[in-house]
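**Student:** Shown below is the structure under consideration.
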Amino acid sequence: MLGRDFLRNLVNRLFITACLLATVAAITALVFILWSLVVQGIGGIDLDVFTKDTPPPGSEGGLLNAMVGSLMMCAMAMAIAIIVGILAGTWLAEYGGHTRYGAVVRFLNDVLLSAPSILVGLFVYELLVRPFEGFSGYAGAVALAFLATPIVTRTTEDILNLQSHALREAGIALGTPKWLVTRKIIWRAAGAGLLTGGLLGFARISGETAPLLFTALNNQFFSADMTKPMASLPAVIFQFALSAYDDWRRLAWAGALIIAVVVLSINIIVRFIAREKKHA
Amino acid sequence: MNAFNSGDEGFTPSPRSSAGDTASLRPPVRGAWFDPIFEYLCLSAATLLLASLGGLVISLAIGGWPALSHFGWSFFTSTTWNPVTDVYGAAGAIAGTLITSFVALALALPVAIGIAVYLVEFCPRAIARPIAIAVELLAGIPSIVYGMWGLFIFAPLFAEYVQMPLMMNAAPGSLAEKLFAGIPNGANILSASIILSIMILPYMAAVLRELLMTVPPQVREAAYGLGCTPFEVVTSVIVPYIKRGMIGVVMLGLGRALGETMAVTFVIGNAHGFPDSIFASGATLASTIANEFTEATGDLHTSALIALGLVLFIITFTVLALARLLLSSQKY
């Protein structure tokens, strides 16, 4: 009997140790990735990165055009995603979420959440690039919007479902039309949550490369014209990282560091908002 | 009946039902006219989501049709991918996609289970939350960053400390020699799988953690009350309780891995044809599209790449749909 209990305890100890090791391994991976990103990227970050355009190989330059392009496309994509996503999420939460059609929409939205982003790139290529015979910033923005909308929809529905029925009933009892109840009471009460959804969507698309490759393409020069091919930070990183030039690679690391810092800060801010909300 | 009706008349809250009594009608509420329009707008937004998925399938099918009809079934069985002679077969890329994804899943699943179990069952409360957040942050890092890290940091280390020793020690003519054959530059199917496993790990750990937290405390306490060790509680009570959900998590991780593009494109080495060893360079559906699409030489080449996209869509959609079905059947 003693032997069996000893074995049970041993197995148990080993199991707990293995679980601990798995956690330590994941944290180590995170630290290792971030550390090497900082080590490789920090040397490339100077004022030039933010003030000069992408250079031809062998000369001085920065990432200004790529950052401006990324910001413009992400901003436009988020404008589309927030409008469509919040309305769709509202429909799921307030109107038709319980119907069969609602269940289908919710299900396919969940599938879209993790659909491969490169397929969205191909789709938008067929939709906007081939018919209009040219890569454009608009096509890039639309591709990014396709990726962000499911995230906004999902968080909107979740947050609206958390709002109490008493709020809705109070509004209706005053004779307020439902859309005003939704807009002025429910959306306002869910404000922080809706912001979270938007931020998560932005964090997701700001690092996306695959959907931009065949939609916005890339641009060596500064361009704020969204009807023309447009540079973006991820696409420039992709091009520069795989090149054979040391100064291009240094810029790619600097760009990767910038994106990672932006995305990680947004994720941390989101958690902060969620926590504030819980305490309130 | 009549008497009841007339007696009730005085208490009817809405005078609208009694004809002719317009004086007591309340004026229409301001903005009420917009109510149906608003509902219609919301419905259209939801429908737009459906339409985008439908449009995705249709456009891939239309774009890929020329290649599919040109090559027929051989598109799926041939391993030749040659833009020069304009002959395209997807078998190599399909195999690359499936191999990298399943190896990544096999590597990530035990670790993800370990993390989730540790955080929910064993970890002191005070540090469980920060660790959970740190693990989830791994999920936020864009895939291009993983790709660069994989290519410049991980691949050289992998080549020096794993690939080279294995190749040196493999006896000539043995199975090991065949298995470890390849250019020792760290850009191969196995290192792509390892990078993929790091990428899908946080998603899987996060969803598993949520699943574990749904197990009612009574179930746990009952098992402990019988004298089970924590290991026995986890394996014989908790895991069976969340079994369906766990299969969902596996499918979710698989879905992510199948469609991952940039990180794999950096690390896999981009060689066409059927991979003959996991230390050989390969290609996946997504990496082939990313690499060649903008440089496609002709219409058939473009169409073949879109057809690869269609294949990828069918595989990932099936896997993700199964994942969602299994996860939603597990009551949160």
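Every number in this text was worked out from the coordinates using simple rules, so none of it is lab data. What you are looking at is a predicted structure, and each value in this text was computed from that prediction instead of being measured. Quick reminder, even Gly has a Cβ in these numbers, built from the backbone with ideal geometry, and neighbours come from all protein chains shown.
**Student:** Please tell me if B:Gly255 is buried (at least 17 other Cβ atoms within 10 Å of the Cβ), in contact (Cβ under 8 Å) with a residue 24 or more places away in the chain and more than 10 Å from chain A (Cβ to nearest Cβ).
**Tutor:** no
**Student:** Go through region B:292-309 and give me each residue that's more than 9 Å from chain A (Cβ to nearest Cβ), surrounded by fewer than 24 Cβ atoms within 10 Å (Cβ to Cβ) and not hydroxyl-bearing (Ser, Thr, Tyr).
**Tutor:** Passing the criteria: B:Glu292, B:Glu295, B:Ala296, B:Gly298, B:Asp299, B:Leu300, B:His301.
**Student:** Hey, another quick one. Restricting to region B:135-186, give me the number of residues that are away from every other protein chain (no Cβ under 11 Å) and either aromatic (Phe, Trp, Tyr) or not in a helix (DSSP H, G or I) (or both). Explain how you work it out, then say what you get.
**Tutor:** Of all residues in region B:135-186, those away from every other protein chain (no Cβ under 11 Å) come to B:155-156, B:158-186.
Keeping just the survivors that are either aromatic (Phe, Trp, Tyr) or not in a helix (DSSP H, G or I) (or both) gives B:158, B:161, B:170-174, B:180-186.
The qualifying residues number 14.
**Student:** Next question, about the same structure. Name the residue, out of B:Ile278, B:Ile289, that is among the hydrophobic types (A, V, I, L, M, F, W, C), more than 16 Å from the chain's Cα centre (by Cα) and surrounded by 23 or more Cβ atoms within 10 Å (Cβ to Cβ).
**Tutor:** Unique residue meeting the criteria: B:Ile289.
**Student:** In region A:35-63, how many residues are among the β-branched types (Val, Ile, Thr) and not in a helix (DSSP H, G or I)? Steps first, answer last, please.
**Tutor:** Step one: list which residues in region A:35-63 are among the β-branched types (Val, Ile, Thr), which gives A:38-39, A:42, A:45, A:49, A:51, A:54.
With not in a helix (DSSP H, G or I) added as a condition, the list becomes A:45, A:54.
Matching residues across region A:35-63 total 2.
**Student:** Select, from B:Met251, B:Met204, B:Met199, B:Met262, the only residue that is under 15 Å from B:Gly114 (Cα atoms) and of a type outside the set (Asp, Glu).
**Tutor:** On the way: B:Met251 fails: under 15 Å from B:Gly114 (Cα atoms); B:Met199 fails: under 15 Å from B:Gly114 (Cα atoms); B:Met262 fails: under 15 Å from B:Gly114 (Cα atoms).
Sole residue among the options that is under 15 Å from B:Gly114 (Cα atoms) and of a type outside the set (Asp, Glu): B:Met204.
**Student:** While we're on this one: If we keep just the residues of region A:70-88 that are facing chain B (nearest Cβ under 9 Å) and without any contact (Cβ under 8 Å) to a residue 40 or more places away in the chain, which is farthest from A:Ala141 (Cα to Cα)? Show your work before the answer.
**Tutor:** Start the filter on region A:70-88 by keeping residues that are facing chain B (nearest Cβ under 9 Å), which leaves A:83-88.
Checking the rest, the ones that are also without any contact (Cβ under 8 Å) to a residue 40 or more places away in the chain come to A:83, A:87.
Working: A:Ile83: 14, A:Leu87: 19 Å.
The extreme case among them is A:Leu87.
**Student:** Continuing with the same structure: Among what's in region A:89-103 and is in a helix (DSSP H, G or I), more than 7 Å from chain B (Cβ to nearest Cβ) and touching a residue at least 12 places away in the same chain (Cβ under 8 Å), pick the residue that is surrounded by the most Cβ atoms within 10 Å (Cβ to Cβ).
**Tutor:** So, considering only residues that are in a helix (DSSP H, G or I), more than 7 Å from chain B (Cβ to nearest Cβ) and touching a residue at least 12 places away in the same chain (Cβ under 8 Å), the one surrounded by the most Cβ atoms within 10 Å (Cβ to Cβ) is A:Gly89.
A quick yes/no check of all residues on (1) at the interface with chain B (Cβ under 9 Å from one of its Cβ atoms); (2) surrounded by fewer than 15 Cβ atoms within 10 Å (Cβ to Cβ); (3) of a type outside the set (Ser, Thr, Tyr):
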| residue | (1), (2), (3) |
| --- | --- |
| A:Thr209 | yes, no, no |
| A:Leu212 | no, no, yes |
| A:Ala216 | no, no, yes |
| A:Ser223 | no, no, no |
| A:Pro229 | no, no, yes |
| A:Ser243 | no, yes, no |
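**Student:** Just one of (1) in contact with a Leu (Cβ under 7 Å, 6 or more places away or on another chain); (2) in contact (Cβ under 8 Å) with a residue 24 or more places away in the chain; (3) more than 22 Å from B:Phe317 (Cα to Cα) trips up A:Leu162, so point out which.
**Tutor:** Condition (1) is where A:Leu162 drops out.
**Student:** Inspect region B:295-304 for any residue being without any contact (Cβ under 8 Å) to a residue 12 or more places away in the chain, aliphatic (A, V, I, L, M) and not in a loop (DSSP other than H, G, I, E, B) and give the result as yes or no.
**Tutor:** No, because not a single residue in region B:295-304 is without any contact (Cβ under 8 Å) to a residue 12 or more places away in the chain, aliphatic (A, V, I, L, M) and not in a loop (DSSP other than H, G, I, E, B).
**Student:** Name the residue, out of A:Leu167, A:Leu128, A:Leu119, A:Leu147, that is free of Cβ contacts under 8 Å to residues at least 24 places away in the same chain, within 19 Å of B:Ile58 (Cα to Cα) and touching a helix residue (DSSP H, G or I) at 6+ places or on another chain (Cβ under 6 Å).
**Tutor:** Details: A:Leu167 fails: within 19 Å of B:Ile58 (Cα to Cα); A:Leu128 fails: free of Cβ contacts under 8 Å to residues at least 24 places away in the same chain; A:Leu147 fails: free of Cβ contacts under 8 Å to residues at least 24 places away in the same chain.
Only one candidate qualifies: A:Leu119.
**Student:** When the residues of region A:1-52 are filtered to those that are within 12 Å of another protein chain (Cβ to nearest Cβ) and aromatic (Phe, Trp, Tyr), which remaining residue is farthest from B:Thr235 (Cα to Cα)?
**Tutor:** Within region A:1-52, the match that is farthest from B:Thr235 (Cα to Cα) is A:Trp35.
**Student:** For the subset of region B:113-134 comprising residues that are in contact (Cβ under 8 Å) with a residue 24 or more places away in the chain, among the β-branched types (Val, Ile, Thr) and more than 7 Å from chain A (Cβ to nearest Cβ), which member is farthest from B:Thr229 (Cα to Cα)?
**Tutor:** That would be B:Ile113.
**Student:** Answer yes or no as to whether B:Ile99 is buried (at least 18 other Cβ atoms within 10 Å of the Cβ) and either of a type in the set (Lys, Arg) or part of a helix (DSSP H, G or I) (or both).
**Tutor:** When the stated conditions are applied, B:Ile99 passes them.
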